[in-house]
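A.B. asks: A single structure is presented below for examination.
The values are calculated or read from the model by the stated rules, or taken from the named source; none is laboratory data. Values in this document were obtained by computation on a predicted structure and should not be read as measured data. Reconstructed Cβ throughout: ideal geometry from the backbone, glycine too, with neighbour counts over all protein chains shown.
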Amino acid sequence: MKKIKIANTDMTASQLILGCMRINESGKNPVETIQTAYDHGINFFDHADIYGAGECETIFSKALKETSISRSDIYLQSKVGIKPGIAFDFSKQHIIEAVEGSLKRLDTDYLDALLLHRPDTLVEPEEVAEAFSQLEKAGKVRAFGVSNQNPGQIELLKTAVKQPLNINQLQFGLKHTGMIDAGINVNMENQASLVRDGGILEYSRIHDMTIQAWSPFQYGFFEGVFVGNDEKFPELNARLLELAEQYKVTPSGIAVAFINRHPAKFQTVLGTMTPSRIIEATEAADIVLTREEWYSLYMAAGNILP
């Protein structure tokens, strides 16, 4: 599988990430899921302290011990900042306490990456800076980033934070193309031309921030999956199937290839805990769609080119 060099780090990570938000689902086999992902080239695993109220990190660490995988063979990332009963908390105390909790549940001495999960409008950049420096100095976090933040919010953090912010986890996929719509529709008087995120795609490329695309198969506000939903998205699914047959992969694989084709060098976060679906995605990870194929998918998803 193609690897992504995350700028300002020593991480050469798989272009696909296994997101572990659903690892606590009943009827799943976490050991098989983790081993399958690793055996098919995935070496990056994404967590958050809020997932399953911490249970997901615990399940992962226990399952990892039953695989053939060593901690040094993989990258572990977690996110902090969502606090039950308060909403968002980027205070120094909460960041440090949350990381300590994740380290304990993951049974590891360090996180390869720590992301701030959802913006806290009450953030004090100086507190974040103190927390990051303390965690880095103690060897508990090796790289830092954010999740769901725009350029202004990132620049605000950078007024105090000394460490490079290497990653931004953002929703992106065939039915969540907002970060590219405005760029395609520059100088047009239509809804797609509205810049809703401060130009985060271009900002990320300029500043060497790796974008991690979460929920790549979802549409709406967690309304469901568009792949295979012929009733709502007949044109898109017809085109996905056509390209899947051409490349001898699945429609889900083509949906991943759409994201990976972008020169911004996205990492795609897979949320599935089903080994067969993980394999489907990895089999398509190295497909490079042509420009014509990429734009045909973009238009089949309901977008209009100016």
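A.B. asks: Considering only residues that are assigned to a helix (DSSP H, G or I) and in contact (Cβ under 8 Å) with a residue 12 or more places away in the chain, which ones fall in segment 179-192?
C.D. replies: Met179, Ile180, Asp181, Ala182, Gly183, Ile184, Ala192
A.B. asks: Further, regarding this structure: Can you find even one residue in segment 149-156 that is buried (at least 16 other Cβ atoms within 10 Å of the Cβ), touching a strand residue (DSSP E or B) at 6+ places or on another chain (Cβ under 7 Å) and hydrophobic (A, V, I, L, M, F, W, C)?
C.D. replies: yes
A.B. asks: Separate question: What residue, of Thr272, Thr210, Thr268, Thr250, is hydroxyl-bearing (Ser, Thr, Tyr) and more than 25 Å from Ala113 (Cβ to Cβ)?
C.D. replies: Result of the check over Thr272, Thr210, Thr268, Thr250: Thr250.
A.B. asks: Got a sec? Which strands (runs of 3 or more DSSP E) wholly within segment 1-114 have at least 1 residues that are more than 20 Å from Val256 (Cβ to Cβ)?
C.D. replies: Ranges flagged: 75-80.
A.B. asks: Residues Gly253, Gly302: which one is in a loop (DSSP other than H, G, I, E, B) and at pLDDT 95 or above?
C.D. replies: It is Gly302.
A.B. asks: Could you list all residues from segment 159-178 that are out of contact with any strand residue (DSSP E or B) (no Cβ under 6 Å at 6 or more places or on another chain) and touching a residue at least 24 places away in the same chain (Cβ under 8 Å)?
C.D. replies: Scanning segment 159-178 gives Thr159, Ala160, Val161, Lys162, Pro164, Gly173, Leu174, His176, Thr177.
A.B. asks: Taking only segment 148-182 into account, find how many residues are among the charged types (D, E, K, R) and farther than 24 Å from Glu223 by Cβ.
C.D. replies: Number of matching residues: 3.
A.B. asks: So Ser204 ticks every box in (1) free of Cβ contacts under 8 Å to residues at least 60 places away in the same chain; (2) part of a helix (DSSP H, G or I); (3) over 17 Å from Trp294 (Cβ atoms) but one. Which box is left unticked?
C.D. replies: All conditions are met except number (1).
A.B. asks: Given (1) surrounded by fewer than 20 Cβ atoms within 10 Å (Cβ to Cβ); (2) in contact (Cβ under 8 Å) with a residue 40 or more places away in the chain; (3) of a type outside the set (A, V, I, L, M, F, W, C), where does Thr290 come up short, assuming only one miss?
C.D. replies: Only one criterion in (1) surrounded by fewer than 20 Cβ atoms within 10 Å (Cβ to Cβ); (2) in contact (Cβ under 8 Å) with a residue 40 or more places away in the chain; (3) of a type outside the set (A, V, I, L, M, F, W, C) is unmet by Thr290, namely (2).
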